[in-house]
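Participant: Handing you this structure, nothing more for now.
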Amino acid sequence: MSRWFSWLDAHPHARITPPEPSPHDRAAMTRALELARAGAAIGEVPVGAVVYRLSTGEIIAEAHNRRESDHDPAAHAELLAIRQGAQRLGDWRLESCALAVTLEPCIMCAGLIVNARLARVVYGAADPRAGACRSLYHVLSDPRLNHRAEVIGGIEADAAGRLLRDFFRALRTSR
Ligand SMILES: [Zn+2]
């Protein structure tokens with residue numbers, strides 16, 4: 001499993017040089033990392049996500065991965081945070097919001113980001129095996145789709161990647 005991340009270690013040039021993230025983006029990522037740690041503590045693959053207002057940074061919704069707890073293949077952190085955010089705002093359109101997530105979103109979550117009309121996605125570690133924002137697909141910048149989101153990758157990538165590596169290492173040694 002940790003193959004994803006050792007690939008990144010072996011290809012440092014593949015790391016994305018991010019455009020300057022806002023202080024709101026950074027604060028949201030700090031919170032997303034805390035959520036990822038909380039997930040790891042209950043045996044979930046440590047990925048955390050936060051939906052926040054682009055203009056003020058106000059956190060609307062947050063979640064960590066819950067696939068194991070919920071026995072739900074769709075219970076990715078991003079999906080849970082986006083659905084909760086739409087419920088809280090009483091609107092499925094999250095065009096005034098951004099998403100910070102510790103790992104590059106997959107195809108499912110990138111599709112949801114398009115459907116939810118999120119304005120910006122800030123992610124931590126790249127995912128060469130499943131990433132759908134830049135690594136394998138460019139779902140958020142595909143001109144054929146009816147919505148595009150601004151993408152800032154590589155924010156706190158080392159911390160996010162380390163959490164995942166440590167999690168899978170501990171899993172292997174506990175077997
Ligand atoms: Zn996903």
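Participant: If eta is 0.890 mPa s and T is 25 °C, what Stokes-Einstein diffusion coefficient results for segment 37-102, Kirkwood Rh from Cα pairs, in µm²/s?
Facilitator: Estimated diffusion coefficient is 206 µm²/s.
Participant: What is the antiparallel percent of DSSP beta bridges lying wholly in the chain, to the nearest 5?
Facilitator: Percent antiparallel among DSSP bridges in the chain is about 55.
Participant: Would you list Tyr52, Tyr137 from fewest to most Cβ contacts within 10 Å?
Facilitator: By the 10 Å Cβ count, ascending: Tyr137, Tyr52.
Participant: Scan around Cys106 for amide H atoms under 5 Å from its own, H built in the peptide plane at 1.01 Å from N, and keep only partners 5 or more places away or cross-chain.
Facilitator: Counting only residues 5 or more places away or on other chains, the set is Ala132.
Participant: Under 5 Å between amide hydrogens, which residues at least 5 positions from Glu62 or on another chain qualify, with H placed 1.01 Å from N in the peptide plane?
Facilitator: Val51
Participant: Taking a ≥ b ≥ c as the square roots of the eigenvalues of the Cα gyration tensor of segment 25-139, is the shape rounded (a/c under 1.5), prolate (a/b larger than b/c) or oblate?
Facilitator: Note, shape of segment 25-139 comes out rounded.
Read the figures in this text as sums done on the coordinates, not as results from a lab. Every value quoted in this text rests on a predicted model; they were computed, and no experiment measured them. Cβ sites come from the backbone with ideal geometry, for glycine too, and all protein chains shown count toward neighbours.
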